[in-house]
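The values are calculated or read from the model by the stated rules, or taken from the named source; none is laboratory data. A quick note: this is a predicted structure, and the numbers were derived from the prediction, not measured. A quick note on method: Cβ atoms are made from the backbone with ideal geometry, for glycine too, and the neighbour counts reach across all protein chains shown. Areas reflect the complete protein model, heavy atoms only, side chains present, ligands, DNA and RNA absent. Shrake-Rupley method; radii C 1.70, N 1.55, O 1.52, S 1.80 Å.
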Number of protein chains: 2
Amino acid sequence: MSDTLIQPVLAHLDARQPLIAHWLKAFLRIPSVSADPAFAPHMARARDFLCERLRRDGLHNVQLLEGGGEPAVYGEWLGAPGKPTLLIYGHYDVQPADPLELWRTPPFEPTQVGDRLYARGASDVKGSTTVALEVVFAFLATLRSCPVNIKVFIEGEEETGSPTLRALIQRHGALLAADAVLSADGGRASAQVPTINTGARGNAALEVRLRTAAKDLHSGRYGGGVRNALHDMAALLATLHAADGRVAVAGFDDDAAPPTPRQRQDTAAFPYDEAAFFDDVGATSHGEPGYSPRERITLRPALDVNGMWGGYTGAGTKTIIACEASAKLTVRVVQGQDPARVIRAVLAHLRAHCPPGAALEVVAMHDGSPASTLAPDHPLVRAAQAVLRTEDGRDPIHVRLGASVPITSVFKETLGIDTLMFGFNLPDEDVHAPNEFFRIGSIREGVQAWTRLLDALGQYQPAAFRA
Amino acid sequence: MSDTLIQPVLAHLDARQPLIAHWLKAFLRIPSVSADPAFAPHMARARDFLCERLRRDGLHNVQLLEGGGEPAVYGEWLGAPGKPTLLIYGHYDVQPADPLELWRTPPFEPTQVGDRLYARGASDVKGSTTVALEVVFAFLATLRSCPVNIKVFIEGEEETGSPTLRALIQRHGALLAADAVLSADGGRASAQVPTINTGARGNAALEVRLRTAAKDLHSGRYGGGVRNALHDMAALLATLHAADGRVAVAGFDDDAAPPTPRQRQDTAAFPYDEAAFFDDVGATSHGEPGYSPRERITLRPALDVNGMWGGYTGAGTKTIIACEASAKLTVRVVQGQDPARVIRAVLAHLRAHCPPGAALEVVAMHDGSPASTLAPDHPLVRAAQAVLRTEDGRDPIHVRLGASVPITSVFKETLGIDTLMFGFNLPDEDVHAPNEFFRIGSIREGVQAWTRLLDALGQYQPAAFRA
């Protein structure tokens with residue numbers, strides 16, 4: 001560690017706290033929702049906003065990288081020959097804000113209440129992306145140099161499952177070549193203890209439609225005599241899980257690596273207030289027997305229906321028999337699992353249980369990404385461990401994320417490099433839900449840790465990351 | 001029968017065919033959707049439109065009758081002392097037009113294709129309402145007199161289950177006093193043979209919401225560890241029916257009168273092309289074992305989910321675990337059944353099957369109306385039978401409607417009088433669905449039959465209807 005060297009950087013960042021929050025708010029005011037084509041102009045505005053900042057604060061070769069979908073934002077600083085090159089990953093797109101009526105403040109008008117900054121995308125992941133960028137800018141502003149070479153890569157399709165990310169990286173492989181990835185996405189697991197993310201679940205998605213007639217029918221004229229798409233869809237979805245919470249799809253976890261003793265010990269060591277975890281969101285613990293609640297959401301695969309609809313859903317009563325019903329489903333997969341195989345097992349289950357007289361159609365299917373894993377002795381893990389020990393005084397606990405950061409697998413497959421998830425959001429910040437927020441205090445903790453992390457990574461030989 | 005007397009009326013109506021169609025189209029252009037408060041101004045326009053016509057063509061005391069909800073339109077001609085007084089019932093409100101994208105022509109721009117006039121409300125029931133009104137106007141225009149006293153009563157809440165109809169009739173009981181009701185709602189059962197409607201199923205409605213958490217949760221962070229409102233709602237709705245189509249709610253049909261031998265014979269005599277009935281709408285026959293398809297939809301109770309929704313239903317993927325799910329349900333009840341008891345049995349079933357950790361809330365519950373029945377020797381049936389025999393040459397078959405015309409029960413309870421359903425719509429006209437239409441040819445058949453019907457009813461003593 002070279003604490004003397006980074007002192008001016010840390011001091012600069014300290015002084016800049018209000019400016020950093022101000023810039024983050026401007027970023028959050030841009031409703032860069034990638035899932036809905038209606039927001040495309042705002043996606044473009046978010047890209048312009050980032051490019052302008054990267055250029056202004058010392059990055060070179062700033063440009064948009066096209067892959068066939070939403071372009072990514074790129075910029076570089078390569079003034080440290082012989083030092084490792086780190087690809088800094090973040091994403092500028094956010095989840096849709098609906099249901100809008102449940103927001104207490106406008107989702108795209110960032111609102112600070114105490115230490116909390118409320119806005120869609122604040123925690124996922126404009127806040128942590130801002131933290132990473134500000135550290136690079138601070139090194140360049142104070143030292144005219146970084147301890148490592150930097151390639152900034154801000155994606156625009158993370159919230160839609162990164163459909164064209166592979167194509168984009170393959171097209172721009174030479175530009176993106178690096179020794180490792182530092183991801184602003186994939187946050188802290190606990191506000192109480194330091195943690196290092198050593199992996200995440202993968203995912204895959206499926207949307208199906210079930211049809212029982214050519215048109216909606218009058219429930220008086222046909223009621224009792226025909227199939228009802230809503231009845232059939234309900235019955236079909238009800239077969240996916242056993243009453244005890246186990247997934248009832250044949251072969252669903254056949255390829256899932258059983259949790260290792262080390263993983264189960266780490267999970268048990270993690271300070272996890274089970275009652276608080278569920279009470280905070282008014283939920284009830286419910287899941288696969290034989291595993292603790294925390295094991296269920298980090299070490300075991302899961303299957304969730306994310307949306308289900310059909311028939312009349314407006315005000316009042318409409319006495320119809322719906323001719324079609326739809327459902328969106330996603331799976332979370334763990335180490336060892338092929339997400340394509342798993343989502344096809346779900347589809348095969350649905351087809352096998354679809355009654356005669358009802359037709360099941362696949363509307364969309366995305367194979368997503370497998371789970372990711374970082375070995376405990378990897379230089380990224382060791383560097384992060386040293387940084388967090390310096391910051392906190394305690395040894396960080398290794399944890400795995402229940403959520404997916406598919407980019408980790410994509411970078412491994414396409415560029416052959418590993419990813420350290422080093423985001424500073426916390427797990428209670430209502431990502432993907434109304435009233436998402438980011439803690440203002442996480443900006444200060446984040447920029448200090450990222451400053452030390454870049455410094456620590458500068459001590460390694462580039463080859464060490466590929467060992 | 002006094003054929004000579006009514007010849008000028010029939011001739012007048014014959015000459016007026018294009019004008020009748022023209023007026024009906026203007027009526028259909030008014031989007032009088034009662035279920036959606038956004039359409040309230042159009043409801044008012046529809047009332048004005050009717051009042052103006054009633055006044056212009058000879059009805060007296062034309063006014064709006066308030067009952068706390070959408071007002072009804074009233075007008076009278078009481079110039080036949082000693083003759084029976086008939087309340088002519090229709091409704092000016094229509095079903096919502098959605099799903100709009102499935103209409104081939106704009107739902108509120110009536111479009112004639114061959115003999116078919118496409119528009120929301122064409123068949124249900126502005127077409128048949130127009131038929132009834134034009135006959136009254138034609139008697140007054142040609143003979144300056146009607147064979148019976150007339151009270152026109154056009155409701156505005158039929159498509160929302162007539163929530164304030166009882167209150168409205170009770171408030172205006174003296175004005176509405178009559179010997180019997182002729183309803184333009186409740187149409188013909190077949191295009192091949194003449195039929196008389198001797199009853200209809202009743203109905204009741206329930207909307208429930210199921211909640212499993214205080215907010216939507218990220219499916220990565222919580223997936224596999226918490227209840228999912230969509231899973232629980234699917235499982236709950238799946239318990240309502242057995243796989244063979246039988247309703248699985250305890251006590252659901254306890255109070256249902258078993259079909260009589262006469263009813264089963266009538267049903268068997270009805271020319272019913274089972275394959276065509278289902279093929280026409282691309283549906284599969286499915287229902288309670290032990291009954292023919294036609295018996296299931298006319299003589300047996302039914303339970304249908306009319307709408308089901310929760311979670312993310314927009315474009316793309318949103319990886320959430322929904323905290324709530326909703327469902328709209330209706331029942332159809334038969335002779336002997338108390339709809340309030342039946343809908344409460346459904347609710348009790350849902351409560352009994354709701355898993356711990358999920359909270360079931362009643363959003364709305366409407367007791368609706370019981371089934372209605374007209375005895376085979378009732379003067380209304382005898383008069384209709386004579387008219388249809390004259391028109392067609394064959395004896396009409398007695399049929400029961402699967403759909404509900406709750407006003408029949410309401411008029412019986414509040415005014416103590418019986419209702420003859422004498423609508424001229426046909427069963428294939430896609431009511432409550434996209435591309436609803438009415439046959440232009442039904443206007444001619446309808447006005448002839450209604451002319452003869454009013455004439456035939458004028459031969460009875462008023463007391464005969466109360467026997």
### Query
Would the range B:76-83 turn up any residue that is touching an Asp or Glu at 6+ places or on another chain (Cβ under 8 Å), assigned by the TED database to the domain that holds residue B:442 and modelled with pLDDT of 95 or more?
no
### Query
Got at least one residue in the range A:9-17 being open to solvent by less than 30 Å² (accessible area, probe 1.4 Å) and farther than 19 Å from residue A:128 by Cβ?
no
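Which one of these is over 23 Å from residue B:175 (Cβ atoms), at pLDDT below 95 and surrounded by fewer than 18 Cβ atoms within 10 Å (Cβ to Cβ): B:101, B:109?
B:101
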### Query
For residue A:332, all conditions in the list (1) of a type outside the set (S, T, N, Q); (2) under 16 Å from the mean Cα position of the chain (by Cα); (3) open to solvent by 20 Å² or more (accessible area, probe 1.4 Å) hold save one; what is the number of the exception?
(3)
### Query
Can you name the helices (runs of 4 or more DSSP H) wholly within the range B:1-117 that have at least 2 residues being under 23 Å from the mean Cα position of the chain (by Cα)?
B:17-28, B:40-56
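What about residue A:74, is it touching a residue at least 60 places away in the same chain (Cβ under 8 Å), touching a His at 6+ places or on another chain (Cβ under 9 Å) and away from chain B (no Cβ under 14 Å)? Outline the logic, then answer.
Working: touching a residue at least 60 places away in the same chain (Cβ under 8 Å): yes; touching a His at 6+ places or on another chain (Cβ under 9 Å): yes; away from chain B (no Cβ under 14 Å): yes.
Answer is yes for this residue.
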#### Entry: Residue in the range B:294-351 that is modelled with the highest pLDDT, counting only those that are within 24 Å of residue A:282 (Cβ to Cβ) and among the basic types (Lys, Arg)
B:351
### Message
Being of a type in the set (D, E, K, R) and under 22 Å from residue B:4 (Cβ atoms) is the requirement here; does residue B:158 meet it?
### Response
no
### Query
For the range B:7-46, what are the residues that are in contact with a Lys or Arg (Cβ under 7 Å, 6 or more places away or on another chain) and β-branched (Val, Ile, Thr)?
B:30
### Query
Of the residues A:125, A:135, which is touching a residue at least 12 places away in the same chain (Cβ under 8 Å), in the same structural domain as residue A:440 (by the TED database) and under 27 Å from residue B:315 (Cα atoms)?
A:125
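Working carefully through the options B:234, B:250, B:229, find the one that is surrounded by fewer than 22 Cβ atoms within 10 Å (Cβ to Cβ) and either on the phi > 0 side of the Ramachandran plot or at pLDDT 95 or above (or both). Quick ask: steps written out before the conclusion?
On the way: B:234 fails: surrounded by fewer than 22 Cβ atoms within 10 Å (Cβ to Cβ); B:229 fails: surrounded by fewer than 22 Cβ atoms within 10 Å (Cβ to Cβ).
Result: B:250 is the single residue among B:234, B:250, B:229 that is surrounded by fewer than 22 Cβ atoms within 10 Å (Cβ to Cβ) and either on the phi > 0 side of the Ramachandran plot or at pLDDT 95 or above (or both).
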### Task
Go through (1) more than 27 Å from residue B:22 (Cβ to Cβ); (2) open to solvent by 10 Å² or more (accessible area, probe 1.4 Å) and name the single condition residue B:52 misses.
(1)
### Message
Which residue is farthest from the other protein chains (Cβ to nearest Cβ), if the candidates are limited to the range B:229-255 and must be touching a Leu at 6+ places or on another chain (Cβ under 9 Å) and in a loop (DSSP other than H, G, I, E, B)?
### Response
B:249
#### Entry: Pick from the range A:72-87, criterion open to solvent by less than 10 Å² (accessible area, probe 1.4 Å) and not aliphatic (A, V, I, L, M), ranking: nearest to residue A:166 (Cα to Cα)
A:74
### Message
Conditions first: (1) open to solvent by less than 10 Å² (accessible area, probe 1.4 Å); (2) in contact with a Phe, Trp or Tyr (Cβ under 7 Å, 6 or more places away or on another chain); (3) assigned to a loop (DSSP other than H, G, I, E, B). Residue B:152 passes all but one, so which condition is the exception?
### Response
(3)
### Query
Which condition number in (1) open to solvent by 10 Å² or more (accessible area, probe 1.4 Å); (2) assigned to a loop (DSSP other than H, G, I, E, B); (3) more than 24 Å from residue A:374 (Cα to Cα) is the one that residue A:185 fails?
(3)
### Matching residues, the range B:336-345, being assigned to a loop (DSSP other than H, G, I, E, B) and surrounded by 21 or more Cβ atoms within 10 Å (Cβ to Cβ)
B:337
### Task
Please name all residue pairs, on different chains or six or more residues apart, with Cβ atoms under 9 Å, provided the first residue is in the range A:48-70 and is basic (Lys, Arg) and the second residue is part of a loop (DSSP other than H, G, I, E, B).
A:53/A:59
#### Entry: Whichever residue in the range B:304-325 is touching a residue at least 40 places away in the same chain (Cβ under 8 Å) and either open to solvent by 10 Å² or more (accessible area, probe 1.4 Å) or more than 8 Å from chain A (Cβ to nearest Cβ) (or both) and, among such residues, is farthest from the chain's Cα centre (by Cα)
B:319
## Note on the structure
Filtering the range A:204-228 for residues that are at the interface with chain B (Cβ under 7 Å from one of its Cβ atoms) and touching a residue at least 12 places away in the same chain (Cβ under 8 Å) leaves a count of 15
### Query
Among (1) in contact (Cβ under 8 Å) with a residue 60 or more places away in the chain; (2) open to solvent by less than 60 Å² (accessible area, probe 1.4 Å); (3) among the hydrophobic types (A, V, I, L, M, F, W, C), where does residue A:242 come up short?
(1)
### Task
Give just the number: which of (1) hydroxyl-bearing (Ser, Thr, Tyr); (2) touching a helix residue (DSSP H, G or I) at 6+ places or on another chain (Cβ under 7 Å); (3) open to solvent by 40 Å² or more (accessible area, probe 1.4 Å) does residue B:373 not satisfy?
(2)
### Query
Which of the residues spanning the range B:259-294 are without any contact (Cβ under 8 Å) to a residue 12 or more places away in the chain, more than 10 Å from chain A (Cβ to nearest Cβ) and hydroxyl-bearing (Ser, Thr, Tyr)?
B:260
### Task
For the range A:293-335, enumerate the residues that are in a loop (DSSP other than H, G, I, E, B) and either touching a Cys at 6+ places or on another chain (Cβ under 7 Å) or more than 30 Å from residue A:263 (Cα to Cα) (or both).
A:312, A:313, A:314, A:315, A:316, A:317, A:318, A:319, A:322, A:323
### Task
Confirm whether residue A:348 is more than 21 Å from the chain's Cα centre (by Cα), open to solvent by less than 30 Å² (accessible area, probe 1.4 Å) and not β-branched (Val, Ile, Thr).
no
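Restricting attention to the range A:434-450, does a residue exist that is within 14 Å of chain B (Cβ to nearest Cβ) and open to solvent by 40 Å² or more (accessible area, probe 1.4 Å)? Before the answer, list the steps.
Start the filter on the range A:434-450 by keeping residues that are within 14 Å of chain B (Cβ to nearest Cβ), which leaves A:434-437.
Narrowing further to those that are open to solvent by 40 Å² or more (accessible area, probe 1.4 Å): none.
Within the range A:434-450, none of the residues are within 14 Å of chain B (Cβ to nearest Cβ) and open to solvent by 40 Å² or more (accessible area, probe 1.4 Å).
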### Query
Taking residue B:178 and the conditions (1) within 28 Å of residue B:71 (Cα to Cα); (2) at pLDDT 95 or above; (3) out of contact with any Lys or Arg (no Cβ under 7 Å at 6 or more places or on another chain), which numbered condition does it fall short on, given that it satisfies the others?
(3)
### Task
Can you confirm whether the range A:168-179 contains a residue that is out of contact with any helix residue (DSSP H, G or I) (no Cβ under 6 Å at 6 or more places or on another chain), surrounded by 19 or more Cβ atoms within 10 Å (Cβ to Cβ) and in a loop (DSSP other than H, G, I, E, B)?
yes
